[in-house]
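None of the figures in this text is laboratory data; all of them are computed from the coordinates on show. The model shown is predicted, which means the values in this text are computed figures rather than measured ones. Neighbour counts are summed over all protein chains in view; Cβ atoms, including those assigned to glycine, are modelled from backbone coordinates with ideal geometry.
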Amino acid sequence: MSARGSVLRVALVGHGIARSLTPAMHEAEGRAQGFAYRYDVIDTGDLGDLGGIIARAQAEGLVGLNITHPFKQAVLGHLDRLSETAARLGAVNTVVLRHGERVGHNTDHSGFRAGFTTGLGESARGCVLLLGAGGAGAAVGFGLLDGGVAELLIHDIDAARANALGDKLRRCCPDKRIATVPALTPEVAERLDGIVNATPMGMASHPGSAFPRDLLRRWHWVMDIVYFPLETALLARARAVGCHTVSGAAMAVHQAADAFRLFTGHSADPNRMAAVFQRLSATS
């Protein structure tokens, strides 16, 4: 699809997202490629239901929506079809609106894989704890297993949701060891090589840490998919303990680049988008 010659409109839908850096990354990339591109923010704290938001976006001619917390699974009921990856994950963060159709995609998975690969290098991947089994957790869980993790432990405050994700991952990855843990204990912590936070805990709108700080060990590596703030409470404590840490920046940039391509039909330059992200992060 050619994006040139008209203004393309997209939006981010979620709760507590007013300070997201995603719109600026997208709009800067559009300008760099020479076409008009408008990216709005629709915070559901102020507007109506998800179905109504999607219907209005489609009626107003938007070409796509990014979907974030807490709607990555709820959005499934408002779509016409899913990409293969989105169907596998059961979660959507990118909706393409084209030819009267709503098609769900998941760029969290590809964005996380890029950040995981570049941020961790040869770090141990024997046993990893995934915090959060929601829409983002599904993408991260598959990304961890695809990235070579041998044993995945899943913890969520909603035990049923953790069990459901565990069942899904076991069906798709029968050669992997996958289990849910109802409580975060010293015994669990001692087993871990790494910890990934895929909950909203740590966001400016959800302060705190999803992992008990006193259970961090210096040999752990710790990733957080939250990127606002870039230094979450979990990462700050992990760094103080001596852990290797990876922020949500890489995932944010790479998932945005993939969504840009789906919305516009033009490949984005991840390095250029990363430069915009880093500049805005330094001043926010």
### Query
Can you sort Lys168, Lys176 by how many other beta carbons sit within 10 Å, fewest first?
Lys176, Lys168
### Summary
DSSP beta bridges in the chain: the antiparallel percent, rounded to 5, is 20 percent
#### Entry: Student exercise, the chain dipole from Lys, Arg, Asp, Glu Cβ charges, in Debye to nearest 20
320 debye
### Query
What list do you get for Val95, Val196, Val63 if you sort them by fewest beta carbons within 10 Å?
Val63, Val196, Val95
### Query
Rounded if a/c is under 1.5, else prolate if a/b is larger than b/c, else oblate: which is segment 109-248, with a ≥ b ≥ c the root eigenvalues of its Cα gyration tensor?
rounded
### Query
Using 18 Å as the cut-off for backbone N distance, which residues of segment 111-136 belong to the label zone defined by a point 7 Å from the Cα of Arg261 along Cα→Cβ?
111-118
### Task
Would you mind telling me which residue in Asn163, Asn106, Asn271 has the biggest mean-square fluctuation in a Gaussian network model of the chain, where springs connect alpha carbons within a distance under 10 angstrom?
Asn271
### Message
Quick check: pseudo-label points 7 Å beyond the Cα along Cα→Cβ at Ala159 and Arg38, how many nm apart are they?
### Response
5.0 nm
### Query
How would you classify the chain from its alpha-carbon gyration tensor, with a ≥ b ≥ c the square roots of the eigenvalues: rounded for a/c under 1.5, else prolate if a/b is greater than b/c, otherwise oblate?
prolate
### Task
Using label points projected 7 Å from each Cα along Cα→Cβ, tell me how many nm separate Thr117 and Arg191, to one decimal.
2.9 nm
### Query
Can you sort Asp40, Asp108, Asp258 by how many other beta carbons sit within 10 Å, fewest first?
Asp40, Asp258, Asp108
